[in-house]
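Asker: One structure coming up, written as structure tokens, with questions to follow.
The values are calculated or read from the model by the stated rules, or taken from the named source; none is laboratory data. Remember, predicted model here, so these are calculated numbers, not experimental data. As a convention, Cβ positions derive from the backbone with ideal geometry for all residues, glycine included, and neighbour counts pool all protein chains shown. Ligands, DNA and RNA are excluded from the accessible area calculation, which covers all protein heavy atoms including side chains. Shrake-Rupley method; radii C 1.70, N 1.55, O 1.52, S 1.80 Å.
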Amino acid sequence: MTGAGLSGALRAALADQAGDPVAAARSLIGGEQYPEEGEFPVERGYIWTTCSSVENANPLFWDDEAAADLTNGPIAPPTMLSVWFRPHHWAPGRTEAALPLQVHFDLKALLELPEAVMTENTITFYDPVRPGDRLHTHQVLRSVSDEKTTKLGTGRFWVIEVVYHNQEGGLVGVESYTGFGYRRAAS
Amino acid sequence: MSGPAPRLLYDRVAVGDRLPELRYDVTASTVVLGALASRDWRPMHHDKDFAVHRNGTRDIFLNTPNQAAWFERYVTDWTGPHGRLGRVTFSMKGSVFPGDTMVMCGTVEGTEVDEAGCAWVSAAIELAVDGDVKTACAVRVAVPQTTDDNPWARRGDQWRP
């Protein structure tokens, strides 16, 4: 393949692997990609809105005395980890929508697999996330499978980790996504 | 230790225990509020026309991050605030739409005290509509062993999720 339309890093990986897209994809395994900082500090408004949306009455999020006793002060619900990294719908100067989990879209482009689904998502929680935290993240490609055929079509599974740290470098969580990029079976 | 007393202690949990069922009637407001609370602006979670004509679904549907929040609420309703999530794994099998009654149920599949002395419960949870599982979730949650134990106090090597 020529690599037209790919980012510079992907074109370089492709050139290094003599134009073999699978080898290029696998050459990215284990590297830290797309380091970024959340666009805003962790804040209680979203914590309360999220708890409200699922009617979560856990006093850790509503009662500062309970939070002081159990968690040494207010924390965010652990499952909100990815919330702190979803880009604003609009921001000054932005001309293209920012894509979360860019490695996933890179693999679709590199392997020329037009469709993709997420089949599994694991989140592991470490230090609690607290209001005021500025979180940082990076993505790591962990694996790219051999070609597989499922009822959706033929393609490859891949596993991508998103690693989250707080402003002090403390690990707060790791998300692991299993994606399947594929071409639909000819009907 | 002051503060709320633990609601669930490790020695009260056994493999095979059932978590209390949670039923919830999903509306368009449930879906839209959940999507915006999780900063998910994608139109299939608020624009029925887009969902039907572009995604081929019958309506807008609950997004995954908000389902995660539902699972967290479901588990900590059972454990109380001392329950500390260590790990969750989701498998998405189908969508949840306005008009659906989602039913969450769970079963304890394992218990263990790790080498750091932290007590863990593993549970399999299902979110179903009309008996069809839409999302399956495996949860590993730490619970206190005694009334003065607090999983949230664990740091570093003492926390092995």
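Asker: Whenever you get a sec, compute what percent of the accessible area on chain B sits on carbon and sulfur atoms (1.4 Å probe).
Answerer: 47 percent
Asker: With r defined as the distance between the Cβ atoms of A:Ala9 and A:Thr149 and R0 fixed at 22 Å, what FRET efficiency is calculated, to the nearest 0.05?
Answerer: 0.15
Asker: Under a crude label model (7 Å from the Cα following the beta-carbon direction), how far is B:Thr27 from A:Ala109 in nanometres?
Answerer: Label-label distance for B:Thr27 and A:Ala109, simple model: 4.2 nm.
Asker: Taking a spot 7 Å from the Cα of B:Val15 along the direction of its beta carbon, which residues of the stretch B:104-131 have an amide N less than 15 Å from it?
Answerer: B:107-113, B:120-124
Asker: Work out the P(r) tail for the stretch A:8-184: percent of alpha carbon pairs separated by more than 25 Å, whole number.
Answerer: Result: 44 percent of Cα pairs exceed 25 Å.
Asker: A further question follows. Can you give the longest stretch of chain A with no exposed loop site, where a site means GluC sites (Glu not before Pro) in a DSSP loop (not H, G, I, E or B) with at most 15 other C-beta atoms within 10 Å?
Answerer: Counting only loop sites that pass the neighbour cut-off, the longest clear stretch is A:56-95.
Asker: If you find the alpha carbon centre of the stretch B:1-23 and of the stretch B:109-155, how far apart are they in angstrom?
Answerer: 10 Å
Asker: Which FRET efficiency value, to the nearest 0.05, is calculated for B:Leu8 and B:Asp130 with the Förster distance at 41 angstrom and r the Cβ-Cβ distance?
Answerer: It comes to 0.85.
Asker: Grab the beta carbon distance between B:Gln145 and A:Thr119, set R0 = 41 Å, and tell me the FRET efficiency rounded to 0.05.
Answerer: 0.70
Asker: Applying the Karplus parametrisation 6.51 cos²θ - 1.76 cosθ + 1.60 with θ = phi - 60° to the phi angles of the stretch B:95-100, what ³J(HN,Hα) value in whole Hz is obtained for each residue in order, glycine and proline being reported as x?
Answerer: 9, 10, 10, x, x, 6
Asker: For the stretch A:77-109 and the stretch A:128-160, compute the distance between their C-alpha centroids and round to whole Å.
Answerer: Spelled out, the Cα-based centre of one part sits 14 Å from the other.
Asker: Here is a follow-up. Write out the trypsin sites (Lys or Arg not before Pro) in the stretch A:151-187 meeting two conditions: DSSP loop, and at most 14 other Cβ atoms within 10 Å of their Cβ.
Answerer: Sites meeting the loop and neighbour criteria: A:Lys151.
Asker: Only counting protein heavy atoms at a 1.4 Å probe, give the residues of the stretch B:45-77, ordered by number, whose accessible area falls by 50 Å² or more when the other protein chains are present relative to the chain alone.
Answerer: Hits at the 50 Å² cut-off: B:Glu72, B:Arg73.
Asker: What's the Cα-based Rg to Rh of the stretch B:10-158, Rh via Kirkwood?
Answerer: Taking Rg over the Kirkwood Rh, I get 1.05.
Asker: Summarise the accessible area of the stretch A:31-187 (1.4 Å probe, protein heavy atoms) by the percent that is carbon and sulfur.
Answerer: 50 percent
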